[in-house]
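Below is one structure, written out as structure tokens; the observations come after it.
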Amino acid sequence: MQKNVSRGDGRVSSCEGLNRVEDWILSKLGDRSLGKQSSRVVRALAGAPQYASTATIAEFAHRVGVDPATVVRSAKTLGCNGWTDLQQELRALYLSGLDASGLLDIHAEREGSVIDAALSTDAMTINSLKRTLDSDECCRFAQNLIRGFHDVEGQLATILLFGSGSYLGPLTQFAHVGARMGLTTVPVGWGGKAAHTAMSSASPGDVILIMNFWRTPAEFEAIARVGRTRGLRVMLITDTRFSQLTSYVDDVLVIPAEGSSHFPSLVAASSLIHVLLSVITEELGGGAADSIRAHDEIYFALEEARAKGGT
């Protein structure tokens, strides 16, 4: 690793000046010993995270001087499922250490127009989501989202939705469509007094859903910690499973969120909400259909009343 030495026993020692990726790697390794080749892999990961996050496994292995199987084993040592999973984690960690100006700088190094870059990035993001999203894990997440910790058959949880800035966009769709299906959804937003009111009215077993990418507001950590102590099921949608929130959450889904400029892309987040709502519709069955029908009846009744009022 940069500014690091590899001890004779194969462990990686730290010194001052570690970057975020180095800190993460060292925290995942702990006191475990590494072989010579695996030590070379983790040093290369920490020394060039930007390269590692975009290279193929064959390219990276060739650069480090090991075989691809060693790279995969090293990824699993760090708690990832494989090379693609590791790349997403490295990229998220690397980007979380940059401010908006830094993001703008690294994304300025591209070929073609900004329009091509934006569309290509979103296309790659969707393909990555399709490759990495585990169907069983996603279905369990959806089931836990609507049930929370309630063990009474058929009882649905109240779902408090937390997201900052533009991340509220996908959650707004979830709140609207979920309510049409009979769910009790509360779009809280960033936090503040709205968080106090929403959390005080929630019952043990209900759900907090946080959507957070790039940087983690301190308020979200407080909300997750307090929510858990009050018996709420805390759930997270993020771009890294090693988010500082994960120690407080009961369920997490990790999706890509990198954009082509100074802000994250919400294409994968919106697609995931689409997926979750589809799974929940199937899970609720006739109950969702009845609720949607009742909403439609009210909608058309209001439209008819407005039309008569205007004549």
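The values are calculated or read from the model by the stated rules, or taken from the named source; none is laboratory data. Everything numeric in this text was worked out from a predicted model, so none of it was measured. When we count neighbours, we look across all protein chains shown, and the Cβ atoms used for this are built from the backbone with ideal geometry, even at glycine. Side chains are part of the model used for accessible areas, which takes the heavy atoms of the whole protein and leaves out ligands, DNA and RNA. Shrake-Rupley method; radii C 1.70, N 1.55, O 1.52, S 1.80 Å.
When exposed loop sites are taken as GluC sites (Glu not before Pro) in a DSSP loop with at most 12 other Cβ atoms within 10 Å, the longest stretch of the chain clear of them is 154-311. Expressed as a whole percent, how much of the Cα-Cα distance distribution for region 126-233 exceeds 15 Å? Value for region 126-233 (Cα pairs over 15 Å): 66 percent. From the Cα gyration tensor of region 266-311, with a ≥ b ≥ c the square roots of its eigenvalues, which class applies: rounded if a/c is under 1.5, or else prolate if a/b is larger than b/c, or else oblate? Oblate is the answer for region 266-311, as a/c is 1.5 or above yet b/c matches or exceeds a/b.
Cross-link partners for residue 308 among the lysines, with Cα-Cα distance under 22 Å and sequence neighbours closer than 8 places in the same chain left out, do not exist in this structure. In region 163-311 the Cα-Cα distances spread across 10 Å bins starting at 0 as 10, 35, 32, 16, 6, 1 percent of all pairs. Here the Gaussian network model covers the chain, with springs between Cα atoms less than 10 Å apart; of 281, 197, 246, 197 fluctuates the most. Residues of region 192-219 with amide nitrogen under 19 Å from the 7 Å Cα-to-Cβ point of residue 230? What the label zone holds, given the 19 Å backbone N cut-off, is 192-211, 217-219. Spin-label pair residue 111-residue 201: with each label point 7 Å from Cα along the Cα-Cβ axis, the two points sit 5.5 nm from one another. Rounded to the nearest 10 square angstrom, residue 122 shows an accessible area of 40 square angstrom against a 1.4 Å probe. Helix 135-147 and the long axis of the chain differ in direction by around 40°, with both axes built from C-alpha atoms.
For residue 36, the aspartates and glutamates whose Cα falls under 17 Å of its own Cα, not counting residues fewer than eight places away in the same chain, are 9, 67.
If a spin label sat at a point 7 angstrom from the Cα of residue 119 along the line to its beta carbon, the backbone N atoms of region 260-284 nearer than 16 Å would be those of 260.
Accessible surface computed residue by residue for region 44-85, with neighbouring protein chains in place and a 1.4 Å probe, gives 43 Å² per residue. State the percent of C-alpha pairs, over all pairs in the chain, separated by a distance greater than 36 angstrom. The calculated P(r) of the chain puts 28 percent of pairs beyond 36 Å. For the set 193, 28, 76, the ranking by accessible area, highest first and with no ligand, DNA or RNA atoms included, is 193, 76, 28 under a 1.4 Å probe.
Distance from the C-alpha centroid of region 208-264 to that of region 147-183: 15 Å, rounded to the whole angstrom.
Expressed as a whole percentage, what fraction of the accessible surface of the chain belongs to carbon and sulfur atoms when a 1.4 Å probe is rolled over the protein heavy atoms?
Numbers: 8190 of 15480 Å².
Heavy-atom surface of the chain belonging to carbon and sulfur, 1.4 Å probe: 53 percent.
How do 150, 62, 176 rank by accessible surface area computed with a 1.4 Å probe, from largest to smallest? Don't skip to the answer; put the middle values down first.
Details: 150 35, 62 155, 176 120 Å².
Greatest to least solvent exposure: 62, 176, 150.
Peptide packing: for 164-175, 284-295, the average count of neighbouring Cβ atoms within 10 Å per residue gives the ranking 164-175, 284-295, highest mean first.
For residue 252, the amide hydrogen comes within under 5 Å of the amide hydrogens of 236, counting only partners 5 or more places away or on other chains and with H modelled in the peptide plane. Against the chain, whose longest principal axis comes from its Cα atoms, helix 286-309 is set at around 60 degrees. Considering helices alone, the calculated mean residue ellipticity of the chain at 222 nm is -17500 deg cm²/dmol, with DSSP H runs of length four and up weighted by -39500 (n - 2.57) and normalised per residue.
State the extension gain, in nm to one decimal, for the chain segment bounded by residue 218 and residue 135, taking 0.36 nm per residue of separation less the distance between their alpha-carbons. Walk me through the numbers before you get to the answer.
Values: separation 83, 0.36 × 83 = 29.88 nm, distance 3.11 nm.
Length difference between fully extended and current span is 26.8 nm.
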